[in-house]
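K.L.:
Before I ask anything, let me first share the structure, which is written out below as structure tokens.
Every read-out reported here was derived from the displayed coordinates using simple, explicitly stated rules and does not represent laboratory data. Since this is a predicted model, take the numbers as computed values, not measurements. We place every Cβ from the backbone using ideal geometry, glycine too, and count neighbours over all the protein chains shown.
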Amino acid sequence: MSTPSGSTAVEIGSHLGASACFLAAGLREVNGVLYCVDTWNNDAMGSEPTIDTYATFTDNIKDLVDIIRPVRMNSAHISREDLPKSLELVFIDGDHEYSAAAKDVEVTAWRVRPGGVMVFHDSVGTTGVGRAIGELLATGNWVLAGQVHLTTWLRRVPN
């Protein structure tokens, strides 16, 4: 499957920007856009101290600012207007607690076009993310498309 021209993607949990750079590099090839949602306060990192990582993130993405649109907020507060209504890809690597993972799904899954993909990092060994994936699959609107190591991806069933 090829990525359509002008595709839009969302990453929840961008941290220092490593995965954002890979996603944006691919989107650049199709004149796409990547929205990165994070507080950049290191607040979902468990035992690590709360620190502002936004400057490091912006430095790391400096060659991709034409593709990447930072959205500095907790993903739980995303409204219908904060992100585009049609997405090709959602990559979730935020808070791994069930309530947070389920909220990330709630605010993004409806935006993914039929045939589009949702990717979940740290989906193995974290019961919260796994439970959110299971609930999404149970809707019948998604199918398991693959899994490698700690990453699982689902494809939205075409209408």
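K.L.:
Scan region 46-122 for GluC sites (Glu not before Pro) in coil per DSSP, keeping those whose Cβ has at most 13 other Cβ atoms within 10 Å, and list them by number.
P.N.:
Listed in order of number, the matching sites are GLU81.
K.L.:
A further question follows. Please arrange ASP104, ASP82 by counting, for each residue, the other beta carbons lying within 10 Å of its beta carbon, fewest first.
P.N.:
ASP82, ASP104
K.L.:
Follow-up. Taking trypsin sites (Lys or Arg not before Pro) that fall in a DSSP loop and have at most 15 other Cβ atoms within 10 Å as cut points, what is the longest piece of the chain between them?
P.N.:
My reading of the result: 1-79 is the longest stretch.
K.L.:
Using a 10 Å cut-off around each Cβ, can you sort PHE22, PHE57 from fewest to most neighbouring Cβ atoms?
P.N.:
Ascending number of Cβ neighbours within 10 Å: PHE22, PHE57.
K.L.:
Also, quick follow-up: Given the -39500 (n - 2.57) contribution per DSSP H run of 4+ residues, what per-residue ellipticity at 222 nm results for the chain, rounded to the nearest 500 deg cm²/dmol?
P.N.:
The helix-only estimate for the chain comes to -7500 deg cm²/dmol at 222 nm.
K.L.:
So what is the relative contact order of region 1-153, in percent, for Cα pairs below 8 Å that sit 6 or more residues apart?
P.N.:
Dividing the mean separation by the residue count of region 1-153 yields 21 percent.
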